[in-house]
1. Only residues in region 66-85 that are aromatic (Phe, Trp, Tyr) count as the first member; pair them with residues that are at pLDDT 95 or above and surrounded by 19 or more Cβ atoms within 10 Å (Cβ to Cβ), Cβ under 6 angstrom, at least 6 apart or cross-chain, and list the lot.
2. Checking residue 55 against (1) among the hydroxyl-bearing types (Ser, Thr, Tyr); (2) under 28 Å from the mean Cα position of the chain (by Cα); (3) under 20 Å from residue 140 (Cβ atoms), which single condition isn't satisfied?
3. List the pairs whose first member sits in region 254-270 and is closer than 18 Å to residue 362 by Cα, whose second member is buried (at least 21 other Cβ atoms within 10 Å of the Cβ) and among the aromatic types (Phe, Trp, Tyr), and whose Cβ atoms are under 7 Å apart, counting only residues at least 6 apart or on separate chains?
4. Tell me, please, whether a residue that is among the aromatic types (Phe, Trp, Tyr) and surrounded by fewer than 18 Cβ atoms within 10 Å (Cβ to Cβ) can be found in region 8-21.
5. Considering 368, 407, which residue is touching a residue at least 40 places away in the same chain (Cβ under 8 Å) and either of a type in the set (Asp, Glu) or farther than 27 Å from residue 202 by Cα (or both)?
6. Could you count how many residues in region 148-165 are surrounded by fewer than 19 Cβ atoms within 10 Å (Cβ to Cβ) and in contact with a Lys or Arg (Cβ under 9 Å, 6 or more places away or on another chain)?
7. For region 95-106, which positions are crowded, with 21+ Cβ neighbours inside 10 Å and in contact with a Cys (Cβ under 6 Å, 6 or more places away or on another chain)?
Amino acid sequence: MESPVADFYFGKCIFVTGGTGLMGKVLLEKLLYSCPGLDKIYVLLRSKRGKGADSRLEDIIKLPLFGRIRRECPHQLNKLVAISGDVAVENLGLSQQDEARLINETNIVVHGAASLKLDAKLKDAINMNTEGTLRVLELSKKMKNLDVVLHLSTAFCHGDIDVMEEKVYKPPHDPKDIIRLTHWLDDATLEKIAPDLLQPHPNTYTYSKRIAEALVDSYSSELPVCIIRPSIVTPAWRDPLEGWVDNLNGPVGIMVGGGKGVIRSMHCNGEYNAEVIPVDMAISGIIAIARDVALHKDKFQSTPVYNLTQSGTHPITWGEVLERGKICAWKNPFEWMLWYPNGNIYKSKAVHKMNVIFFHWLPAYFIDFLLFIFAQKTFMLKVQKKIQDGLEVLQYFTTRQWQFSNDNILRMRESLSQNDKEVFNLDFERVEVDPYLTSCILGARQYLLKEDLKSLPRCRRNLAVLWFLDKLVSVLFYAFLIWMVINFSEATKSILDTVVDQFSSLPFLRTISHKSA
């Protein structure tokens with residue numbers, strides 16, 4: 001069937017950074033499957049754990065994610081070409097031969113490589129997210145047949161703005177000045193001045209991504225650049241596998257931690273909207289945006305920006321997501337649950353912290369103590385430390401009401417052909433919450449934790465046992481409190497009686513008592 005989006009990619013060479021992340025992998029698969037006429041996809045990959053670029057690319061295409069390509073059109077995989085390099089080093093670490101290939105052949109650049117560590121050191125965040133972007137832009141300037149450069153940012157890099165419009169905002173500092181600063185100063189000095197530099201940003205990730213946007217904008221007179229801001233990316237809705245996910249970032253980590261019974265409390269305003277987008281919809285948007293920008297670049301008065309969010313089209317609150325997700329987790333429990341999954345969210349940070357002490361730290365100490373007694377390796381305190389670090393970061397996004405303008409996305413969605421609206425689906429309204437949450441849980445179970453779906457009946461029996469134990473412990477806990485209150489009352493009464501008797505025995509009180517008589 002006719003597909004103007006797929007036709008746009010016919011014969012094109014695409015250069016992708018960040019191809020090993022969740023979005024990067026789904027992007028590679030979707031391009032190969034839905035845009036079969038493309039020429040090549042060059043994927044920038046650094047060596048890691050003793051594996052080179054080619055070996056890492058081989059590992060990627062063996063994933064279940066690429067199953068339909070291996071079955072239906074395996075020849076498409078030959079269009080993936082590994083390029084050894086790293087956005088964190090000068091000139092992307094490219095060999096002369098690879099640089100020449102990219103300069104001569106690339107038509108579309110998708111720059112998605114980024115450090116997702118929200119609490120990374122300032123120097124590391126700037127080098128990867130800001131200076132890495134500068135390196136990609138400088139390479140792009142040399143490309144001879146360039147149609148568009150897509151820069152993947154984040155919808156949450158402007159925390160000081162109430163309603164984020166689809167435009168580039170003035171950065172708090174000049175990007176190139178900050179890059180020079182990270183070269184001049186040592187790590188210790190940078191960390192001392194970082195809190196002042198970051199204001200009003202909560203972490204180095206959002207700060208480095210914000211000034212990277214300004215850097216991209218500064219190249220708009222020389223390059224056909226575009227900025228795309230996805231919201232929180234969640235597991236795949238349908239394409240190519242329901243529930244596909246490969247990391248514990250964001251809500252997936254909460255889902256798994258809560259489902260395992262180790263996350264019992266979260267600081268979150270349940271009345272605020274959850275700004276999330278399934279990864280397959282985000283990738284469909286990115287692929288279609290490249291065509292939209294290339295076709296209309298002469299009409300844009302400034303750098304085109306697309307807020308890739310569902311804002312206003314299919315609203316759902318964090319409270320709804322977490323409560324309905326809890327029910328889905330009860331129906332499809334995980335293996336090796338440590339306790340019955342029944343955590344809650346709290347608007348009050350003080351109440352949340354109190355619950356963390358009682359329901360996170362104390363059980364962790366108790367479990368590690370038992371493991372130590374039985375000469376086993378302890379692990380729960382380390383797990384809880386990681387959980388608390390992750391929650392602390394995520395809670396910045398769940399305790400604020402975020403609002404985005406997404407007119408460019410909605411306009412582009414309406415401009416797609418009927419076939420492209422199905423192939424590159426951006427109908428946020430069609431996502432049914434409960435079935436989607438169920439697929440997220442099953443996807444995390446199957447693809448991330450490698451838990452066989454055949455174990456579900458056994459896990460449901462285990463859940464019933466944990467439910468009974470949870471209720472039993474609750475009854476015993478409240479019985480203990482009542483016993484303490486009763487015994488405290490009796491002890492208090494006894495003490496008061498003793499005090500009265502002692503005072504009554506004092507000489508001057510006896511004298512006063514006799515005179516009164």
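The values are calculated or read from the model by the stated rules, or taken from the named source; none is laboratory data. Predicted, not measured: the structure shown is a model, and the values here were computed from it. Please note: Cβ atoms are built from the backbone with ideal geometry, for glycine as well, and neighbour counts cover all protein chains shown.
1. Sorted first by the residue in region 66-85, then by its partner, the pairs are 66/29.
2. (3)
3. Qualifying pairs under 7 Å: 260/334; 261/340.
4. Yes, some residue in region 8-21 is among the aromatic types (Phe, Trp, Tyr) and surrounded by fewer than 18 Cβ atoms within 10 Å (Cβ to Cβ).
5. Numbers: 368 fails: touching a residue at least 40 places away in the same chain (Cβ under 8 Å).
Among 368, 407, only 407 is touching a residue at least 40 places away in the same chain (Cβ under 8 Å) and either of a type in the set (Asp, Glu) or farther than 27 Å from residue 202 by Cα (or both).
6. Keep residues of region 148-165 that are surrounded by fewer than 19 Cβ atoms within 10 Å (Cβ to Cβ), which gives 159-163, 165.
So of that shortlist, the ones also in contact with a Lys or Arg (Cβ under 9 Å, 6 or more places away or on another chain) come out as 159.
Qualifying residue count for the region: 1.
7. Hit for region 95-106 is 106, nothing else.
Condition check ((1) buried (at least 18 other Cβ atoms within 10 Å of the Cβ); (2) of a type in the set (A, V, I, L, M, F, W, C)) across all residues:
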{"residue": "347", "(1), (2)": "no, no"}
{"residue": "358", "(1), (2)": "no, yes"}
{"residue": "389", "(1), (2)": "no, no"}
{"residue": "398", "(1), (2)": "yes, no"}
{"residue": "412", "(1), (2)": "yes, yes"}
{"residue": "439", "(1), (2)": "yes, no"}
{"residue": "443", "(1), (2)": "yes, no"}
